[in-house]
Amino acid sequence: MDQESTKLIADAIIIAGKAIGAGFCMGIGAISPGIGEGNIGAHAMDSIARQPELANSITTRMLIADAVAETTGIYALLIAFLILFAL
Amino acid sequence: MPEKKRRRISKKTKIQLTVFLIVYVTIGIINVQYLPKSPSDILGNVANRWIVGTGPWYLRINPMTIIMSLAVLTVIIWFAISVHKEYSLIPTRKQAFAESLMDFVYDIVQSSIPDERFARSTFMIATTLFLYIVVSNLLGGVIPGISVDVTKTIGENGEIIRNVKFILFSDTWFAPTADLNTNLTYALMVLVISHYFGIKAKGFKAWLKSFIEPVPFLLPLNIIGELAKPISHSMRLFGNITGGGVLVLALSYFVKYMFLPPVLWGYFGIFSGLIQAFVFSTLTVAYISAQVG
């Protein structure tokens with residue numbers, strides 16, 4: 001095998017690795033924020049059904065908790081961008 | 001049959017809306033003409049915007065951050081002046097909006113920091129951050145505007161050369177909060193202020209003692225926990241805004257940048273941006289109250 005085709009194959013392997021890595025990073029990283037936000041939403045709905053007069057304050061607190069639970073997903077997104085564009 | 005109440009649109013507003021629509025469609029047509037060849041042309045340089053490189057200082061800063069920060073400041077100062085000009089006991093619509101916003105934030109601050117000395121300063125810090133982030137997130141994407149393209153090439157001697165090029169009408173406006181430097185500055189500022197207030201409220205000895213609670217064995221964990229606060233505080237905002245921007249950029253390529261960006265920014269800019277700004281200022285209050293209380 002000559003030099004040029006070796007280089008071509010190496011580049012192809014690099015691109016494939018980047019794509020697979022970014023896909024796995026985002027896919028696995030999106031699992032836990034999904035579960036966490038689902039839990040938060042479910043419990044907020046429960047408490048609103050129990051005490052509808054507190055709906056406003058429960059909703060604001062729910063949004064804050066959602067944003068905090070989302071953080072790990074955002075980290076995964078950043079790592080995926082880094083793998084795709086900066087590596 | 002009661003007469004239906006109709007909201008009148010004045011002639012001035014109609015002319016303004018028509019001019020805006022014409023300008024918008026023209027910009028869309030210009031975009032189609034001067035479109036980059038593929039989305040990877042733009043997306044390939046996304047990471048270069050926020051990675052610190054080598055070279056003189058003017059190549060290491062992001063010019064869009066400075067331009068857009070000044071634009072945000074202009075918008076906020078203009079709003080403040082226009083409220084102040086017609087300030088009266090019977091509030092106008094603008095004044096009522098500003099007052100209810102301040103009231104909303106002050107209620108949150110007062111419920112978590114009962115001490116009046118710290119509540120006022122915390123209120124000012126939290127409101128300033130909230131206003132700045134809200135305006136920058138909203139300004140970040142509603143209008144197709146200028147963008148900056150940073151390309152990175154490796155020179156002959158192995159040094160990295162960065163070229164900065166301005167692109168007109170190809171992208172949405174760059175939100176200053178999509179630059180990690182902006183967010184990290186504010187997060188570090190909040191960390192320093194919270195510890196300063198902690199020393200002021202509890203005294204120096206009690207503040208030092210709070211690091212070895214509940215047992216001295218946990219000292220490294222407490223220090224790491226404090227240092228992790230600004231990182232997660234800033235990364236949350238940065239990731240949300242940058243991720244939204246990149247998603248909008250990738251998706252709006254399919255309609256040649258014409259109509260989709262404002263619709264998508266309705267979610268990423270307005271909804272997500274408002275929530276993130278609210279979360280940022282609420283977490284500021286929470287970190288300060290954890291030190292003070």
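Just so you know, all these numbers are worked out from the coordinates, no wet-lab data involved. Note that the coordinates shown come from a computational prediction; the quantities given were computed from them, not determined experimentally. Virtual Cβ from ideal backbone geometry, glycine too; neighbours counted across all protein chains shown.
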### Query
Roughly how big is chain A's charge dipole about its Cα centre, with Cβ charges of +1 (Lys, Arg) and -1 (Asp, Glu), in debye to the nearest 20?
120
### Task
Please give the helix A:71-81 orientation as an angle from the longest Cα principal axis of chain A, in degrees from 0 to 90, rounded to the nearest 10.
20
### Summary
Over all viewing directions the Cα convex hull of the range A:28-87 casts an average projected area in nm² of 4.2
#### Entry: All-pairs alpha carbon distance profile, the range B:86-136, 10 Å steps from 0, percent
24, 44, 30, 3
### On Cα atoms only, tilt of A:3-29 relative to the major axis of chain A in degrees
10
